[in-house]
Amino acid sequence: MGPLIEVEHAAHSAAPRDRVWQLLADLEGWHEWGPWTSTGFDGELRTMVSERKRLTGKPYVMKERVTALVPGERLEYDLVSGLPVRNYHGVVTLADGSGGGTDIRWAATFDPPWPLFGGLWRGAMLKVITQVSDALAGAARA
């Protein structure tokens, strides 16, 4: 088993923290601002259908379990299925920006499915969290 991979991206929104939190905490509405065609719940698991397609042409369908929801401050979640990574844990934190607005920090840790390709997985997952955190920052400004 290879080393745990960590990725992180910081974004900033001109919007106040309560507005950013409103979007982040609406767990069934992420498709309205992020790269998903639908988001919803199946029992305690959140299902997200990605705009990205597999080589087969079918979309990625990810299932997540929310593990912490601290209003206005932090969302934590575990990826249960949908990607071949293991032990995926994501943490999104919000803080007041020093010059106003909101600082968004999106971080994730996971074990790559094939340690030899850990660098590729690091790059792919960093691209995803960068796109999502920047989309959240942009949507909150709108």
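The values are calculated or read from the model by the stated rules, or taken from the named source; none is laboratory data. Owing to the predicted nature of the structure, the values given are computational and were not obtained by experimental measurement. Every residue, glycine among them, receives a Cβ derived from its backbone with ideal geometry; neighbour counts consider all protein chains shown. SASA here: full protein model, heavy atoms, side chains in, ligands and nucleic acids out. Shrake-Rupley method; radii C 1.70, N 1.55, O 1.52, S 1.80 Å.
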Q. Tell me, which residue of segment 1-25 that is open to solvent by 80 Å² or more (accessible area, probe 1.4 Å) and either in a strand (DSSP E or B) or at pLDDT below 95 (or both) is nearest to Ala95 (Cα to Cα)?
A. His12
Q. Mind checking which pairs have a first residue in segment 30-55 that is open to solvent by less than 90 Å² (accessible area, probe 1.4 Å) and a second that is among the basic types (Lys, Arg), Cβ under 6 Å, 6 or more apart or different chains?
A. Leu45/Lys63; Leu45/Arg65; Thr47/Lys63
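So, Arg65, is that one over 27 Å from Asp96 (Cβ atoms), touching a Pro at 6+ places or on another chain (Cβ under 9 Å) and either surrounded by fewer than 15 Cβ atoms within 10 Å (Cβ to Cβ) or touching a residue at least 24 places away in the same chain (Cβ under 8 Å) (or both) or not? Explain how you work it out, then say what you get.
Working: over 27 Å from Asp96 (Cβ atoms): yes; touching a Pro at 6+ places or on another chain (Cβ under 9 Å): no; either surrounded by fewer than 15 Cβ atoms within 10 Å (Cβ to Cβ) or touching a residue at least 24 places away in the same chain (Cβ under 8 Å) (or both): yes.
Considered against the rule, which asks whether it is over 27 Å from Asp96 (Cβ atoms), touching a Pro at 6+ places or on another chain (Cβ under 9 Å) and either surrounded by fewer than 15 Cβ atoms within 10 Å (Cβ to Cβ) or touching a residue at least 24 places away in the same chain (Cβ under 8 Å) (or both), Arg65 comes out as no.
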Q) Which of the residues belonging to segment 122-142 are open to solvent by 20 Å² or more (accessible area, probe 1.4 Å) and at pLDDT below 90? A) Arg141, Ala142
